[in-house]
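The values are calculated or read from the model by the stated rules, or taken from the named source; none is laboratory data. Bear in mind that the values here come from a model prediction, so they are computed numbers and not experimental data. FYI the Cβ positions are ideal-geometry reconstructions off the backbone, even for glycines, and counts take in every protein chain you see. For the accessible areas, the whole protein counts, side chains as well, though only heavy atoms, and no ligand, DNA or RNA atoms are used. Shrake-Rupley method; radii C 1.70, N 1.55, O 1.52, S 1.80 Å.
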Amino acid sequence: MGELDDRVAIVTGAGRGIGEQVARKLSAAGARVLLSDVDGDAAAAVAAALPGPAVVRSGDLTAPGEPDAVVAAAVDAWGRLDIVVNNAGYAWDGPIHKVSDEQFQAMLDIHTVVPFRILRAAAPHLREPAKSERAAGREVFRKVVNVVSLAGVMGNAGQVAYASAKGGAVGLTRALAKEWGALKINVNAVAFGFIDTRLTATAEDAGEVESGGRTIKLGIPAAARQGAEAATALGRSATADEAARGIYYLCSPGSDYVHGQVLNVSGGLQLGMAG
Ligand SMILES: NC(=O)c1ccc[n+]([C@@H]2O[C@H](COP(=O)([O-])OP(=O)(O)OC[C@H]3O[C@@H](n4cnc5c(N)ncnc54)[C@H](O)[C@@H]3O)[C@@H](O)[C@H]2O)c1
């Protein structure tokens, strides 16, 4: 018996990094998992290694209609939806004087618009059963977790587009928590500091992501990696597994009374300005 037996979860960006580890934890706890990623081969490899049922949806989430198709794929497979983890993302950084309209919009698209569209598509599948349960006097908690960043909460030089977009997702989280609280749909966010994934690898190791019809080179300078570790109270970056534990907590019954929060999973990284 797992604590998420019978639950159906969507994890976006599940092909690698933090999303992969979230999919593994949800599956190990008994959930059936829909893995969405633009890199379908990577998501399929993760799905094949999960202990429980899994479905892969390969597609660019910024394409119109893809968020709706992701939700439909989960509901078609298993007839219900209980957990949504909006995790897919990437960074396209630069100081403001070098950020193009296209770049700024691309960050809004993947980090703010996609979670909005996923949650709008998920709404009937989360809300309608919750209304029936409420009418029957039963409390059943469902879960939404939006993956944001300390950059979106405290700001980070060189990340005006990324930080604006993650900040938008914080607003989405807090507003939706107020809309859906009465239905016992917990809506929370996790703000990460410095997690060792492709996103934070050095430029030589990071590779590229295909999103919005373009190929974006990933990675950060080695000096930025050292600076982030030095500014982290725990003195090191986190593994993707450590990061995923924060998300898992907000998907699990242990967090049923945690609502409308941004949980910092950062090892005490301080970017200097807090809201
Ligand atoms: N790594 C960090 O230090 C850090 C810090 C703060 C926030 N985050 C956030 O955590 C989340 C996961 O990032 P990660 O570090 O695991 O990176 P990652 O590159 O290892 O994984 C991200 C996954 O998202 C997928 N993806 C990206 N764009 C997509 C699109 N348009 N459609 C579908 N899939 C898409 C990628 O293919 C990839 O598999 C992101 O939202 C990121 O912004 C990461």
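Contact map, segment 38-59: residues that are closer than 22 Å to VAL209 by Cα paired with residues that are among the basic types (Lys, Arg) and within 15 Å of the ligand (Cβ to nearest atom), Cβ distance under 7 Å, separation 6+ or inter-chain. Pairs shown: ALA42/ARG16. Exactly one residue out of VAL33, VAL22 is more than 14 Å from VAL70 (Cα to Cα) and under 17 Å from the mean Cα position of the chain (by Cα), and it is VAL22. Would a scan of segment 150-157 turn up a residue that is within 14 Å of the ligand (Cβ to nearest atom), of a type outside the set (Phe, Trp, Tyr) and at positive phi? Within segment 150-157 (the criterion being within 14 Å of the ligand (Cβ to nearest atom), of a type outside the set (Phe, Trp, Tyr) and at positive phi), the answer is yes, since at least one residue qualifies. Name the single residue, out of those in segment 233-275 being closer than 15 Å to VAL22 by Cβ, assigned to a strand (DSSP E or B) and not small (Gly, Ala, Ser), that is least open to solvent (accessible area, probe 1.4 Å). The selected residue is VAL265. Candidates are the residues of segment 48-59 that are within 14 Å of the ligand (Cβ to nearest atom) and within 11 Å of VAL11 (Cα to Cα); the one that is least open to solvent (accessible area, probe 1.4 Å) is VAL56. Does GLY207 qualify as being at positive phi and either of a type outside the set (Val, Ile, Thr) or out of contact with any Pro (no Cβ under 7 Å at 6 or more places or on another chain) (or both)? Spelling it out, GLY207 is indeed at positive phi and either of a type outside the set (Val, Ile, Thr) or out of contact with any Pro (no Cβ under 7 Å at 6 or more places or on another chain) (or both).
Can you name the residue in segment 206-242 that is aliphatic (A, V, I, L, M) and more than 10 Å from the ligand (Cβ to nearest atom) and is also farthest from ALA157 (Cα to Cα) among such residues? Talk me through it step by step, then tell me what you get.
Within segment 206-242, the first condition is being aliphatic (A, V, I, L, M), and the residues that meet it are 206, 209, 216, 218, 220, 222-224, 228, 230-231, 233-234, 238, 240.
From what is left, the residues that are more than 10 Å from the ligand (Cβ to nearest atom) are 222-224, 230-231, 233-234.
Working: ALA222: 16, ALA223: 14, ALA224: 11, ALA230: 16, ALA231: 14, ALA233: 19, LEU234: 22 Å.
Filtering segment 206-242 for residues that are aliphatic (A, V, I, L, M) and more than 10 Å from the ligand (Cβ to nearest atom), the one farthest from ALA157 (Cα to Cα) comes out as LEU234.
Among the residues making up segment 159-192, those that are under 22 Å from LEU108 (Cβ atoms), in contact with a helix residue (DSSP H, G or I) (Cβ under 8 Å, 6 or more places away or on another chain) and not hydrophobic (A, V, I, L, M, F, W, C) are GLN159, TYR162, SER164, LYS166, GLY167, GLY168, ASN188.
Taken over segment 181-195, the residue count meeting the criterion of being open to solvent by less than 10 Å² (accessible area, probe 1.4 Å) and either more than 17 Å from the chain's Cα centre (by Cα) or over 16 Å from ASN87 (Cα atoms) (or both) is 2.
Quick check, is GLY15 crowded, with 24+ Cβ neighbours inside 10 Å, without any contact (Cβ under 8 Å) to a residue 40 or more places away in the chain and either outside any helix (DSSP H, G or I) or not basic (Lys, Arg) (or both)? Full working, then the answer.
Numbers: crowded, with 24+ Cβ neighbours inside 10 Å: yes; without any contact (Cβ under 8 Å) to a residue 40 or more places away in the chain: yes; either outside any helix (DSSP H, G or I) or not basic (Lys, Arg) (or both): yes.
Yes, satisfied.
Write out, first by first residue and then by second, each pair whose Cβ atoms fall under 8 Å of each other, whose residues are 6+ apart or on separate chains, and whose first residue, in segment 136-149, is over 28 Å from ALA191 (Cα atoms) while the second is within 15 Å of the ligand (Cβ to nearest atom). Pairs found: none. Could you tell me whether any residue of segment 68-89 is within 9 Å of the ligand (Cβ to nearest atom), surrounded by fewer than 22 Cβ atoms within 10 Å (Cβ to Cβ) and in contact (Cβ under 8 Å) with a residue 40 or more places away in the chain? No, the conditions are met nowhere in segment 68-89.
Of all residues in segment 23-41, those that are within 9 Å of the ligand (Cβ to nearest atom) and buried (at least 20 other Cβ atoms within 10 Å of the Cβ) total 3. I'd like to know if segment 134-149 contains one or more residues that are hydroxyl-bearing (Ser, Thr, Tyr), within 11 Å of the ligand (Cβ to nearest atom) and at pLDDT 95 or above. Checked segment 134-149: at least one residue is hydroxyl-bearing (Ser, Thr, Tyr), within 11 Å of the ligand (Cβ to nearest atom) and at pLDDT 95 or above.
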